[in-house]
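*Asks:* I have a structure I would like to understand better, so I am pasting it below and will then ask my questions one at a time.
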Amino acid sequence: MNDLTKYNRFKKPRKKEISLPTSRDVWVYTRVSSSRQKDNFSLENQKEEAEKFATENGYTITEYFGNLNESATKDMTRKEFQTLINKVKKSRKKPFGILVYVISRFSRSGGSAIGIVDNLVEELRVHLIEVNSGLDTTSHMGKQAIYKKLLDANDENYNRKQHTIPGMKKFVKSGQNFGVAPLGYDHYGPRVVDPLKRDIEQRIEVNKDGNVLRKAWKWKLEGLSDPEIIKKLDVLGIKISKQKISRMWRNAFYCGIQNNAFLDGKPIKGNWEPLISEEVFWRVQNILDGNNQGYKIDKDNCSRPLVGTLFCIVCGKKLTGYEVKKKKLHYYKCQQCLGISINAESSVKMKTKGAHQMFMELLESYRLEDKYIQPFILQLKKTFVNMKKEAFEQRDALTKKIKGLEAELDTLNERYAFGKFDDEALYKRLREKKQGEIDQIKEQLLDSDSEISNLESYIQRSIEISQNIHNYWQLGNLEEKRKIQKLVFPEGIIIDTTNRTYLTSKVNSLFLAKSQFKRIAGGANKKLPTKNGEESYLVAGAGLEPATFGL
C-alpha cells in the first residue's frame, strides 16, 4: 500500500490562533449622533455608566475612544470608529472587550456592523459588551442577541428617515437652510448650538466677517490670486485656509441660492441676504474655469498676451490664439465668426499692423504731452481734494455714529451691572450685536482714512507710470502685460480686424481723465488750468479712482 504521508508537504499551514486575552482589560467607545446630544451630556452619561459597569464586573478600563458626535449610518467614515478598529487589529496586547452603552451607539449600519463584530470576536478574540443590558458576545446566545440589536438599530434608522426626510425636504424647499451657515453668516434658530443664537424661527444674517468677505470676491474679480487674497483677509482679521477659500468660491450660498440634495437638482433662492450678486458669483466661476466666455484660454504663451483681453466685434466672444508653426507666426481669431482674425505682430511684407503694435499705440494715445503734465497733476489734486472733502465728511459722520453706539453700549452694561437686566442671555446677545455694529463702522472708518492719505505720492507715482505704460507693457513679462491690460481696460477691448482698430468701452478712470484733459486743454484758445484756478475740469468726472498698478 502506498505511503500517502509524502503529500503532507503540500498541506496548508493552520492559521496561527490568536490567544484569548488573559486580563480583564476593556476599552470604552462612546458616541452621539449630533452636537445637541453632546450638549445634553449623553457622552458623559455613557462614560459614567461604562465606568460603573466595569467596576461592578471586575473589568479595568485602559483606553477611551469616541467622545464626539458622528453619524453611525456608515461605519468607516467615522474617524474615531476607524481609530478604534485599527488599534484593535494592530495591538499585540488586545483588550478582553469593548464597552458600549447601547449597541446603537456602536453602529446602525446593520449587516456591515455584524461583519465588523464577527471579525472582532472570531478573528481577533475581542468581545462587544453592551453596558445597558449586560449582553456580550462571549456566548452564542449573547452574540446572536447583539447581532439582532444591530439589525434593529439599522431598521430604526431607516424608519426614522422615512418619517423625517419629507419634513426636511419641505423645510429646505421653503427657502430655509439645512445645516451650518458658512463663514460670514450668523445662524439663529431653534436648533443652533450657541444658546445666544437660539430663536423661535431660523434667521441667517451677514456678520462683520461677511462684510469683509465681500471684498474678497471683489479682489478675485480684480485678478488677485488666492494666496494674495488670504494675506489681505488675514490683515483684516479673517484667517482662512487655501482649501476653505477654494470651497467658498464654489458655494452658491453666498449669492443666496439653496442647492441642497433634498431639492432633487432644482436650486431655489434662499431666505437669507446674499453676500454677493449672482452676476458676481458667475463671473468668479468663469475665472475659476479659466474661461470668461466659454473658450479655453491659452494662458501660458508669452507670444499671445492679449488672449483673454480681445473681444470679437461681431459676436462679442473672446478671441483665442493659435500659431502657424511652419512660419512661426501667431494670430488671434474668433472661433465662432469666419474671417475674424488678425496677426499678433506687424508684417513688413504685407504692410499691416499687428494686434500688438496697435495695442502699444492705443496705450500711448493716453500719454499727455510734457507741457500738459503739471497742469494735469494740479487738476488731479483738485479732483481728489473734492473727493477728500467727502471722505472727511464721511469720517466725521462715522465717528459720530461710533460715539453714539458706544454710549448705548455703556448704558446697556450699566443696566446689567446694577441688576436692571434680568435676562443674561438676552443681554449678551444685545451686547454682541451692538459691538458688532461698532466694529463694522470702525472698519468703514479705516477704509475712509486710507482714501485720504498719501495723496501727493500717489498722484506723482500714478502719473510717472501712466506716462510710460506702453513701454511697461512692451518690456514686461506675460504676467506684467496681463496686469496692465486688466488695469487699463478692466472689461477688455473690442477689436475690428477689418479696419484694424480697437473700440474701447470701459477704461481706467485715470487714463480716461487724461484723455478728457487733452481734448479740453488742447482746444483752440483754451487757457490751461493754473494753480489758482477755481474750477476743475475733472471734478465733474465722478468715479475717478486710484489706479492700482502693482508693477
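*Asks:* Take the stretch 204-227 and flag every residue that is more than 14 Å from the chain's Cα centre (by Cα) and either acidic (Asp, Glu) or on the phi > 0 side of the Ramachandran plot (or both).
*Replies:* Answer for the stretch 204-227, where residues must be more than 14 Å from the chain's Cα centre (by Cα) and either acidic (Asp, Glu) or on the phi > 0 side of the Ramachandran plot (or both): 205, 222, 223.
*Asks:* Another question about this same structure. Can you name every residue in the stretch 321-361 that is over 13 Å from residue 495 (Cβ atoms) and among the hydroxyl-bearing types (Ser, Thr, Tyr)?
*Replies:* 322, 346, 347, 352 - these are the residues of the stretch 321-361 that are over 13 Å from residue 495 (Cβ atoms) and among the hydroxyl-bearing types (Ser, Thr, Tyr).
*Asks:* Collect the residues in the stretch 82-133 that are touching a Lys or Arg at 6+ places or on another chain (Cβ under 7 Å) and of a type in the set (Asp, Glu), keeping them in residue-number order.
*Replies:* none
*Asks:* Further, regarding this structure: State yes or no: is residue 243 more than 28 Å from residue 441 (Cβ to Cβ) and out of contact with any Gly (no Cβ under 9 Å at 6 or more places or on another chain)?
*Replies:* yes
*Asks:* Considering only the stretch 200-215, how many residues are under 20 Å from residue 437 (Cα atoms) and either outside any helix (DSSP H, G or I) or modelled with pLDDT under 80 (or both)?
*Replies:* Counting residues in the stretch 200-215 that are under 20 Å from residue 437 (Cα atoms) and either outside any helix (DSSP H, G or I) or modelled with pLDDT under 80 (or both) gives 5.
*Asks:* I want to confirm something. Restricting to the stretch 348-360 and keeping residues that are in contact (Cβ under 8 Å) with a residue 60 or more places away in the chain and not in a loop (DSSP other than H, G, I, E, B), which single residue is farthest from residue 483 (Cα to Cα)?
*Replies:* Result: 352.
*Asks:* Give me the pairs: first residue in the stretch 224-236 and at pLDDT 85 or above, second residue small (Gly, Ala, Ser), beta-carbon distance under 7 Å, and six or more apart or on different chains, which are they?
*Replies:* 226/246; 229/216; 233/216
*Asks:* Any residue that is at pLDDT 80 or above, acidic (Asp, Glu), surrounded by fewer than 15 Cβ atoms within 10 Å (Cβ to Cβ) and assigned to a helix (DSSP H, G or I) - is there at least one of those in the stretch 411-427?
*Replies:* Taking every residue of the stretch 411-427 in turn, at least one turns out to be at pLDDT 80 or above, acidic (Asp, Glu), surrounded by fewer than 15 Cβ atoms within 10 Å (Cβ to Cβ) and assigned to a helix (DSSP H, G or I).
The values are calculated or read from the model by the stated rules, or taken from the named source; none is laboratory data. All figures in this text were calculated on a predicted structure; none of them were measured in a lab. Cβ atoms come from the backbone with ideal geometry, glycine included; neighbour counts cover every protein chain shown.
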